[in-house]
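Have a look at the structure below, then the notes.
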Amino acid sequence: MRYGELEVLKGVSLGVASGETFAIIGPNGAGKTTLFKVMTGEARCDRGSVRFRGEDVTRLPAFQRARRGFGRTFQMARVFPEMTVMQNVVSSLESHRRWSGLSLGKWYRYKPSTEVATEAESLLRDLGLQDHRAVEARFLSHGDKKRLEFAIVLAMKPSVLMLDEPTAGMAQSDRLGVVELIGRIRAERGITVIMTEHDMDVIFGLANRLMVLNYGEVIASGSVGDVRDNPVVREVYLGKEMVRA
Amino acid sequence: MLSEWLFSIYSGIASGLAVFLVAAGLSWVFGILKILNMAHGNFFMVGTYVAYSVVGQRPESLAAFMGASLLAAAVVGLLGFITDKVMLRRLRGADYHYVLMGTFALAMLVEGVVKLIWGVDLTTVNPPPVLDAPVDIGGVMVPRFTLFAIGAGLAVFAALDLALNRTWAGKLMQAVAADPWMAGMMGINVPMLLAVSVTASFALAGLAGGLLLPFQSLSPDIGNSYLLLAFFAVIIGGLGNIRGAFLASVLLGVVQQVSTIAVPNFPGLTVYVALAVFLIWWPNGIFPPAGLK
Amino acid sequence: MIARAVAMGAGAAVVGAAFALPWWANPGMLFLAGLTLIQALFALSWNLLFGYAGLASFGHAGFFAIGAYFTGACLKYKFGIPFPFVLALAGLSGAAVAWLIGIVALRRLAGIFLAVLTVALSEVLRLIIGYTKFLGREDGLNDIPRPTIDLGVVTLDLTSSEAYFVFLLAACSLLTAMMWWLVHSRFGRTFQTIRQDAERAAFIGTNVSAYRIAAFMISGALAAIAGGLFAPWTRIVTTDEVHWLMSIQPMLNTLLGGVGSFWGPIVGAMAFAAINYGTRTFVGLAEVIVGGILLLVILVAPHGLLGLVSALRARMVRGHPAAARETPLPERQR
C-alpha cells in the first residue's frame with residue numbers, strides 16, 4: 001500500500017507498507033490532523049494524490065474509502081449513543097455485509113441473522129465488552145467507549161486502521177491498555193496501522209516508522225531510531241523530555 | 001429607458017438597505033447565539049405597528065416620526081429581553097432543531113397576537129411632510145423618503161460596524177461570539193452579554209419597523225416577506241457577518257427591483273434564483289463565518 | 001409486557017371506534033375526524049424525516065400542496081385517471097420534487113440551510129401557484145368532485161362523506177402500516193445510525209447522502225399523498241395549503257405527541273384536533289393557538305405526550321422519582 005501526497009501542507013509525501021505501523025507526530029497545529037483527514041477522505045488536497053493498494057482514491061468520499069478497508073477511530077470515541085453496545089456492533093456488521101454483498105439473513109426478519117449475532121458476540125468478547133452488551137453506548141465509561149469504537153471498526157474487517165490520537169486524554173494506566181489492545185489486534189489480524197499521537201511512549205511502543213511534521217512540512221521521517229536521534233527533531237519537538245532516550 | 005433602469009437600481013439600493021435594517025439584527029443574533037431567529041421578521045412587524053399606534057397615518061413632523069421609531073425600538077427591545085429570559089435561555093444548550101422550531105412557533109404566536117390587536121387589514125402610512133416631497137436629482141424625481149431610508153441604512157451600518165470593531169464592548173461581543181466558554185473563563189459576564197445582545201437585536205428590529213413604517217403598507221404579512229429576504233441576505237453574506245449582510249441586502253434589493261423591469265411576469269422569483277445561485281457556488285456566503293464581524 | 005398489551009388494546013379500540021364513526025357522529029365531527037386522519041398522515045411523513053433521519057423540513061406544506069393541487073386538478077378537470085393511480089402519481093411527484101431538491105442541495109441538506117431552503121421553496125411554490133391560472137391563482141381550486149373507483153368487479157362510490165371517510169381511514173391505515181414496517185426494518189435502523197452520528201455512520205461505509213435523499217423522497221411522497229387524500233375530502237384547495245401555518249402543523253403534532261416514538265405524530269394530531277375542537281368558538285386564534293402550543297411543548301415537554309407517558313412509566317416501574325422529573329431537551333450534537 002502506498003500513500004503519496006502533496007498539500008497546502010507543503011510537499012508532504014509518505015508511503016506506508018502493508019503490515020507496518022506508521023506514526024505521525026508533531027506539535028499542535030503542525031498539520032497532523034489535516035494530513036490525517038486527507039487520507040481518510042474528510043478533506044480534499046489541492047494538489048497531489050492518495051493511493052491505496054495501487055488504486056487512486058483521491059476523489060473518493062469517506063464512506064467509499066471505508067468500504068475499501070479504512071477503519072477510522074476518532075480522538076473522542078464516536079459511537080452510536082442511543083443504541084446498546086450489541087446494537088452498535090450489529091449495525092456495523094450489517095453495514096459491512098450490505099456493501100460487501102453478503103447476505104443479511106431473511107429480509108423480512110427484523111432480528112439480525114445468527115451469523116451476525118455470533119460474530120458480534122465474538123467481537124465483544126475479544127474486546128472485553130460482553131458484560132455490557134445491553135447498556136446504551138452513551139452510558140459507557142470513556143475507556144469502554146474506545147473499546148466499543150474498536151469493535152465497530154473491526155467489524156468492518158479493515159485492512160488499515162487510522163487512529164486519531166488513540167490515547168488522548170487518558171490516564172497512564174489506561175494508555176497501557178490501549179497500547180496492548182492495538183498491539184494484539186495488529187498481531188492477530190495483520191492490520192496496517194497509521195496513527196497520530198502525542199504520547200512518545202505509545203509511539204515508541206508501537207510504531208515501526210515515524211514522520212515528524214512542523215508547520216505543514218516534514219522535518220524528519222524514517223525508523224523510530226533514526227528520528228529519535230535526529231537533532232533537528234529533538235530541537236523542535238522532543239526537547240528535553242527525550243534526554244533519557 | 002436608461003433612466004428607468006437607473007431608477008430601479010436606485011430603488012433597489014433603497015429597499016436593499018431597508019432589508020439590511022432587518023437583516024442586521026438577525027445576523028448579530030446568529031453571530032452571538034448561533035441561532036437563526038425565525039421570529040425576527042414578525043418582531044420587526046410589531047415595531048411597525050407600535051410606531052403606527054403612536055403617530056397614526058399622518059405623522060406630523062420628523063421629530064414625531066423619529067420619536068415613534070425610538071419608542072418602537074424600546075418596546076420591541078423589551079419584548080426581546082422577555083423572550084430571552086423566558087424562552088431563549090432555556091434553549092441555550094439544546095439541539096438547534098428545537099431552537100429553530102421554537103422561534104418558528106414564536107413567530108406564529110406573534111403574528112396571531114398582532115392580528116388580534118390590530119386586525120388583518122392593510123393600512124398605508126404617509127411619511128412626515130418633511131420627507132414627503134420628491135427631490136430632483138439629475139432630472140429624475142426621487143422620493144425623498146428613499147433618501148432617508150438609504151441614509152438610515154448607512155447610519156445603522158456605520159454605527160454597528162464601529163461599535164463591533166472599534167469599541168471595547170464590541171470586542172467583548174466578538175470574543176463571546178467566537179468562543180463563549182473561553183470568554184466566560186476570562187471573566188467576561190457571558191450571560192449578561194447574551195441577554196444584552198438579544199435585547200439589542202430585537203430593539204434594532206423595532207427601530208427598523210418604526211423607520212420603515214411609511215416605506216410599505218402596514219399589514220401582518222410584511223414580517224414574513226422581510227424575514228425571507230433577511231434570511232437570504234444573512235446566508236449569502238455569511239452567517240454572523242454584518243458587512244456581508246450589508247452587501248448581500250443591497251445586492252438582493254437591486255436584483256429584486258431590476259427584475260420588475262427585466263422579468264415583469266414573475267417578479268417574485270428572481271430573488272430565489274439569486275439565492276439558489278449563491279448557495280450552489282458559495283455555500284458559506286461572501287464572507288465565510290468566523291464568529292462575528 | 002402488560003403496558004404493551006394495554007397500548008395495543010387502546011389502539012384497537014380507537015381504530016374500531018373510528019371505523020364506526022360515520023354512524024354515530026354528526027357531519028361536522030366526521031369532517032374534523034377526516035381532517036385529523038390526513039393531518040396524522042402528514043405529521044407522520046414529517047417525523048419520518050425529523051425523528052428518524054434527523055432532518056427538519058420547515059416547508060413541508062409544499063409537498064402537501066403538490067399532492068393536493070395535483071389530485072384536485074385531476075379530479076376537477078376530469079383527466080380520467082383512476083383515483084388510486086392519481087394518488088400514486090401524486091406520491092411520485094412528491095418524491096420527484098424531493099429528489100431534485102436533494103441532489104441540488106446535497107451537501108446543504110441539513111440544519112439551518114435545510115430550514116431556510118425548505119421555507120424558501122414552499123414560498124416559491126406559493127408564488128408559482130399564485131401565477132397559474134388553471135390552478136385557480138389565489139382563490140384556488142374549488143368544487144372538486146369526489147371520485148368513484150371502478151375495480152371492475154365492484155364500483156366504489158366515494159361521493160358521500162361516509163363512504164369517502166371509510167376509504168380515507170383504510171388508506172391511512174394501510175400507509176401507516178407500510179411506514180411502520182419501513183421504520184422497523186434494517187433500512188429504518190440505518191437511518192437511526194445516521195441520525196445519531198452521521199460521521200460514524202459514514203465510516204462504517206454508509207452512503208449518508210444517498211440515505212438522506214431517500215428519506216426526503218419517502219417523506220415527500222407521503223406528504224403529497226396526504227395532500228391527495230385531502231383534496232376530495234374538503235373539495236377545495238387554496239394557497240392556504242402552502243402557508244407557513246400548514247408547514248408548522250406537522251411539527252406541532254409530532255412534538256405534541258412525542259418525537260421519539262412512531263405513534264407520536266398520530267397521537268399529537270388527535271390531541272390537537274381535540275384542543276382545536278375545544279377552542280373552536282374563539283375565531284381567528286388559529287396562529288396564537290398553534291404557535292403557543294408548539295412553544296409550550298418545546299419549553300416544557302419537548303418529548304411530548306408519549307414522552308411524559310414513558311417518563312411516568314419509568315417512575316412507576318423502577319420507583320425512580322428522578323427519572324420522571326423534567327425531561328431535558330436533547331443536547332446540541334457535537
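Taking chain B as a Gaussian network of alpha-carbon nodes connected by springs under 10 Å, the highest mean-square fluctuation of the residues B:Ala230, B:Ala208, B:Ala152 belongs to B:Ala152. Listed cross-link partners B:Lys115/C:Lys76; A:Lys37/A:Lys146; B:Lys34/B:Lys171; A:Lys32/A:Lys145; A:Lys37/A:Lys111; A:Lys145/B:Lys34 are compared with a 27 Å cut-off, the Cα-Cα value being larger for B:Lys115/C:Lys76; A:Lys37/A:Lys111; A:Lys145/B:Lys34. Of B:Val258, A:Val38, the sequence from fewest to most neighbouring Cβ atoms within 10 angstrom is B:Val258, A:Val38. Here the label points at C:Tyr77 and B:Arg92, each 7 Å from Cα along the C-beta direction, are separated by 5.7 nm in the simple model.
Backbone amide hydrogens, once placed in the peptide plane, bring A:Val12 within less than 5 Å of A:Glu7, excluding anything fewer than 5 places away on its chain.
Pairs of alpha-carbon atoms within less than 8 angstrom and 6+ residues apart define the contacts here; what relative contact order does the stretch C:2-318 have, in percent?
Relative contact order for the stretch C:2-318 comes out at 31 percent.
When shorter helices are ignored and each DSSP H run of at least 4 residues is given -39500 (n - 2.57), the per-residue value for the protein assembly as shown at 222 nm works out to -20000 deg cm²/dmol. Kindly state, to the nearest 0.05, the FRET efficiency for C:Ser173 paired with A:Glu188, given R0 = 51 Å and r defined as their beta-carbon distance. Taking R0 as 51 Å, the efficiency between C:Ser173 and A:Glu188 is 0.45.
Based on the Cβ-Cβ distance from C:Thr132 to C:Phe31, what FRET efficiency comes out when R0 is 25 Å, to the nearest 0.05? Provide the component values of the computation, followed by the final result.
On the way: r = 28 Å, r/R0 = 1.12.
Calculated transfer efficiency: 0.35.
Taken along the Cα-to-beta-carbon direction at a fixed 7 Å, the label points for A:Gln130 and C:Ala13 span 4.6 nm. Against the main long axis of the alpha-carbon atoms of chain A, helix A:85-99 sits at an angle near 80°. Candidates C:Phe85, C:Met29, C:Val97 compared by Cα position along the dipole of chain C: farthest toward the positive end lies C:Val97, with charges placed on Cβ. Compactness check for the stretch C:23-81: Cα Rg over 2.2 N^0.38 Å is 1.46.
Only four residue types carry charge here, +1 at the Cβ of Lys and Arg and -1 at the Cβ of Asp and Glu. Report the dipole size of the protein assembly as shown about the Cα centre in Debye, rounded to the nearest 20.
Values: 69 positive and 55 negative charges, 332 e Å.
Computed about the Cα centre, the dipole is about 1600 debye.
Here A:Lys145, B:Lys115 are placed in order of increasing Cβ neighbour count within 10 Å, fewest first, which gives B:Lys115, A:Lys145. Structural size metrics of chain A, computed from C-alpha coordinates, are Rg and Dmax of 18.8, 64 Å. Mean separation of Cα pairs under 8 Å and 6 or more residues apart, divided by the residue count, gives chain A a relative contact order of 29 percent. Springs join every pair of Cα atoms under 10 Å in this Gaussian network model of chain C, and among C:Thr132, C:Thr159, C:Thr234 the largest mean-square fluctuation is at C:Thr132. When Rg and Dmax are taken over the Cα atoms of the protein assembly as shown, they come to 30.2, 93 Å. Shown here is the pair-distance distribution of the stretch C:2-318: with all Cα-Cα distances grouped in 20 Å bins from zero up to the longest one, the shares run 32, 59, 9, 0 percent. Pairs of Cα atoms nearer than 8 Å and 6+ residues apart set the relative contact order; for chain B it is 38 percent.
If R0 is 35 Å, the Cβ-Cβ spacing of A:Ala168 and C:Ser185 corresponds to a FRET efficiency of close to 0.40. Give the residue from B:Thr48, B:Gly67, B:Trp168 lying farthest towards the positive end of the charge dipole for the stretch B:2-281; charges sit on Cβ (+1 for Lys and Arg, -1 for Asp and Glu) and the dipole is referred to the Cα centre. Of the candidates, B:Trp168 comes out farthest on the positive side. When only alpha carbons of the stretch B:2-281 are considered, Rg and Dmax amount to 18.6, 60 Å. Comparing C:Ser261, C:Ser57, C:Ser185 in a Gaussian network model of chain C where C-alpha atoms under 10 Å apart are linked, the largest mean-square fluctuation is found at C:Ser185. Note on A:Ser100 and A:Ser13: their simple-model spin labels are 3.4 nm apart, each label 7 Å out from Cα toward Cβ.
Charges on Cβ only, +1 for Lys and Arg, -1 for Asp and Glu, centred on the Cα centroid of the stretch C:2-318; of C:Ile218, C:Phe19, C:Leu125, which one is farthest towards the dipole's positive end? The one lying farthest along the dipole's positive direction is C:Ile218.
Coordinate-derived values only; no laboratory data. Bear in mind that the values here come from a model prediction, so they are computed numbers and not experimental data. Cβ: placed from backbone, ideal geometry, glycine included. Neighbour counts: every protein chain shown.
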